[in-house]
Each structure stands twice: as C-alpha cells, then as structure tokens.
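Okay, structure first, notes after.
The values are calculated or read from the model by the stated rules, or taken from the named source; none is laboratory data. For clarity, every value in this text was computed on a predicted model and none was experimentally measured. Note that we place each Cβ from the backbone using ideal geometry, even for glycine, and neighbour counts take in every protein chain shown. Quick note on the areas: whole protein, heavy atoms, side chains included, nothing else; ligands and nucleic acids left out. Shrake-Rupley method; radii C 1.70, N 1.55, O 1.52, S 1.80 Å.
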Amino acid sequence: MKTLLCGASRAAIATASIAAAVCAFGPAQAAEFDGVTIEAKLIGGQQYEALYARIPEWEAATGARVNVISIKNHFELDKEFKSDIAAGTTSWCVGSNHSSFASQYPTLYTDLSDLIAEDVVAEFVQANIKAATFDGKLVMLPRAQFDVSALYYQKDIYEDAEKAKAFEAKFGYPFAVPETWTEVKDQAIFFADPPNFYGTQYAGKDEAIVGRYYEMVVAEGGKLFNDDFSPAFNSEEGKRALQWFVDLYNAKAVPAGTTNYLWDDLGNGFASGTIALNLDWPGWAGFFNDPAASIVAGNVGVAPAPKGSAGVRTGWSGFHGFSVTQDCENKEAAASLVDFLTNEESQKVESAAGPLPSRTAVWDYVSEQAKDDPYRSEVLAAFKETAATAFAVPPTPFWIEATNLIYPELQAAILADKTVDEALQDASDAVNDLMLEEGVY
C-alpha cells in the first residue's frame, strides 16, 4: 500500500512536496485528520519563518488545518502562556518552546513519548532529547534551532593596514579578529563613530541580557547560582562581567538604544552595516550573507565566541522546539504536526539558512552540503568550536523569574542609575528572596 501511494499514485497528488509529506507520514496517516483544526502559538522572526511555509504540505497530506493564533517572540509568548495557565485557557494545541523556558510549564504540555514513536525520537541528538525531558516527560521535540552564539564581524575592517597600525599604536598588541572579550571591548571602542557606526551591540533587556551576562560571568571564572540555586553572581567575577557592559555603553561603542534591544534588533543592526562585531545566533548566518537582506553580504566573517579572563569561552546555549498542550482535544493530530515540523526534511529547510540542526543525520547532511561553500564552512566551523564548550541555563524552574529580577538591575548599572556594586547587591537580594519564597532552600 505504501509503495503504491508513494509511487504510482503520486500522479494524483498536486505537488511533489505534498507527495513527499504524504510518503513521510505513510498511508495510515494520509487524510487521517480531515476536518481537524490545530490552533498553534508560534515564535515569530525572520529566522523561523521558512519552516512555517511547509505547514500547507502537512495540511494537504493529513486533511487538517493549522490556525496560528499567536506569533510573537519567546519573551511575549512566555507571558501569554503563563496568562493562559492562570486563566485555564490552554485548549490550543501546539506551542513553540525553548529549553530555557520549558521547565516553567510542568502542567501545560503533554508527554510526547506517548505520541511519537521511539525510533523517531532516537533520530535526534540525544543530549537535546535529554534536555527536553522533565520529570520523565518528553515535553518538546527539538527543531533545527540549536542555539549558541559565535562572533560575526565585517571582514574588510581587518584588511585596513592604516587601521591596524593605529590600533596597535594605541593598545600595544596586533590588530586581529578578537579572541578575548577584552580585545572585543578594545576594538569596539576603537571602531566606534557614533551615531553612524558602532563597535558592537548587545541585547539589553529581559532574559536576553541576563543570558549574556551569565555567560560572561562564566567566562570570567564565576557562576550565576550556587549548587542550591542561591545567587552567586555578586562576586568579583560578576562585577568584572557587568563592568564590560557598562564600559562599552559609557564609551558610546554600542547604540544608545541597546538597553531596549532584543534579537531581531541585533540581527537587523548588523545587517545594516553599522556594527563591526556582533555576537549572535546561527540562525542569522544566511540572512547576514544575503544581498537582498543585508548590506554586509559578502563581507561577513565568523569566528568562535571569544574567551573571558579565565580562559573560558562564552557559550550560553539552548534550543527551540514544539510542544503539545495537555488540554488539546486532538493530541494525535497535534503530535503529527510537531513530528512534521521537526522531521528530517524540515530540519534541512531550516538549517539551509544557517541554524544548527538537532537531528544526527541532518548534521551529516549539512556538513556535506557545506564542502563547496566557503562561507557556510566557516559558519559551521565557528559554531562547532563554540558548541564544544557550550552550557545550558541553570536547571531551575525559576530561571525566567530570576532573570526578570536581575535584568532591571543590570540596566540600572549600564545607565549609571546605580553603581555596579549596588546593582548586583540589589539583584542578589531579590533573587535570594525569590528562592526563599519558593522554598528552594
């Protein structure tokens, strides 16, 4: 039967892509969900949209329809999910999820182990599957959006002999693509010509700046939390890490609005040609080198993330995925959609633009495809080296709540409303109170 459907009967199917989708599911599932509507809440943004263009293929193959009822960044989705949980309005079916957020929703999502075949789950990088499993429940399937950041830079800056001479005369060491965060700061200040050009930039609010601060603390030899999840960042290492952000802001080496920036602001900023150095995610690699979207296309270099004073590379990491709500009326159809959006073909589509896959076979495919593409090879090499020492967020369900307490204090120091010492003391006290109130220790 499957042979007939995927061979002789293909002529009856409207397009080759739809045929591929049908064959991927097999005959038992084709048109199985006629009349079913799956409501979804998905992350939005340039680097995520290509995958969603495949949804009509799943609809044609299964007879179901997808109604995307919310499309926002994960910070806004997080607030919406928590509001839904509080209001009891969680009957929508498929949600974007992330390893940094997932532990907060113990009652929202169902166990995909009951809905996705074991042999399918085995095709994913098992470290990701482990990180997607909480209290024995597989709460999401990873998409091709494994996140760790590498350093994008404008190549022609490093080809300027006069600039190299002036830099070495000022700082006393050779001018080259930075390998440490001290070198990034020196170069960013040296390059800056506000308001027309800036040395670097950083996300300045929400979990985004706390994640960056966290990895800088680690790179300085410190840690954000102790083993019991009490705050550990009010330390010499934590103060050095925060001072890095403060110094860049004071020197006007970053845009004045950086304390309001999130990921799309950074991506569009670097693509505008006004930023020299940009620590960013793999999902932007294709966009940055696309002449239709980016002024710096053809002039983009990619290097591993720099190291802090402890000789440790920054490497805050995580991954995106899709989950099925516990209150979904048709979990089988929802799981089918999640399966489709994370299958091998979907991961090939996503990874073609730069994101890193979470399926073992697609890693091999991407590496093979990059052999004759110098830029893609450079991207993969930089992210592979950075990923080798990557680290996840601290495994506490109160991660996001803690970041909501920490980030306003980081902003206060950057904007000179508080000293570094005052800001970190206040942040530490607030997080300590949170953990005590939640009975963590």
Any idea what the alpha-carbon Rg over 2.2 N^0.38 Å comes to for segment 339-415? 1.54
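Would you mind working out the accessible area per residue for segment 281-335, using a 1.4 Å probe, and quoting it in Å²?
Here the residues of segment 281-335 average 32 Å² of exposed surface.
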Would you mind pulling out the separation of the Cα centroids of segment 126-140 and segment 83-121, in Å? 11
On the formula 1/(1 + (r/R0)^6), with r taken between the Cβ atoms of A117 and I85 and R0 of 35 Å, the FRET efficiency rounded to 0.05 is 0.75
Take the alpha carbon atoms of segment 57-200, find their radius of gyration, then divide it by 2.2 N^0.38 Å using N residues; give the quotient. 1.62
Taking 1 over the mean of 1/r across every pair of different Cα atoms in segment 311-369, what Kirkwood radius in Å do you get? 13.5
Scattering curve values for segment 277-333, log₁₀ I(q)/I(0), Debye with Cα scatterers, q = 0.19, 0.22 Å⁻¹: -0.80, -0.93
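Please report, as a whole percent, how much of the solvent-accessible surface of the chain comes from carbon and sulfur atoms (probe radius 1.4 Å). Present the calculation step by step, with values, prior to reporting the outcome.
Values: 9070 of 17930 Å².
Here carbon and sulfur together make up 51 percent of the probe-accessible area.
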Percent of Cα pairs exceeding the 31 Å cut-off, where the set is the chain: 43
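With r as the distance between the Cβ atoms of D290 and D364 and R0 = 22 Å, compute the FRET efficiency 1/(1 + (r/R0)^6) and round to 0.05.
Values: r = 25 Å, r/R0 = 1.14.
It comes out at approximately 0.30.
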Candidate lysines - alpha carbon under 23 Å from K239, same-chain residues fewer than 8 apart omitted: K185, K205, K223, K252, K307, K418
12 Å beta-carbon shell around V120, net charge (K/R +1, D/E -1): -4
Project the alpha carbons of segment 44-99 onto their principal axes and report the range along each, largest first, in whole Å. 35, 26, 19
Please give the contour-minus-distance gain from T389 to A176: 0.36 nm per residue of separation, less the Cα-Cα distance, rounded to one decimal in nm. 74.4 nm
On a full-extension model of 0.36 nm per residue, what is the gain between N67 and E437, subtracting their alpha-carbon distance, rounded to one decimal in nm? 129.3 nm
Using R₀ = 35 Å, calculate the FRET efficiency as 1/(1 + (r/R₀)^6) where r is the Cβ-Cβ separation of K371 and E168; round to 0.05. 0.45
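At 1.4 Å probe size, with every protein chain present, just tell me what the per residue accessible area of segment 370-441 comes to in Å². Can you show the working numbers first?
On the way: 3460 Å² over 72 residues.
With all protein chains present, segment 370-441 gives 48 Å² per residue.
Using only helices, what value at 222 nm comes out for the chain when you add -39,500 (n - 2.57) per DSSP H run of length 4 or more and divide by the total residues, to the nearest 500 deg cm²/dmol? Numbers along the way, then the final one.
Details: 19 runs with 194 residues, N = 441.
Helix contribution divided over all residues of the chain: -13000 deg cm²/dmol.
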With every protein chain kept in place and a 1.4 Å probe, segment 75-215 has an accessible area per residue in Å² of 41
Which value, in nm² and rounded to one decimal, describes the direction-averaged projected area of the C-alpha convex hull of segment 287-441? 14.5
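Quick one: work out Rg over Rh on the C-alpha atoms of segment 197-335, Rh as Kirkwood radius. Numbers along the way, then the final one.
Numbers: Rg = 18.1 Å, Rh = 17.1 Å.
Taking Rh as the inverse mean 1/r over Cα pairs, Rg/Rh reads 1.06.
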Relative to the compact-globule estimate 2.2 N^0.38 Å (N residues), the Cα gyration radius of segment 247-299 stands at a ratio of 1.16
When the Karplus curve 6.51 cos²θ - 1.76 cosθ + 1.60 is applied with θ = phi - 60°, which whole-Hz ³J(HN,Hα) does each residue of segment 169-177 get, with x for Gly and Pro? 5, 7, 9, x, 9, x, 8, 7, 3
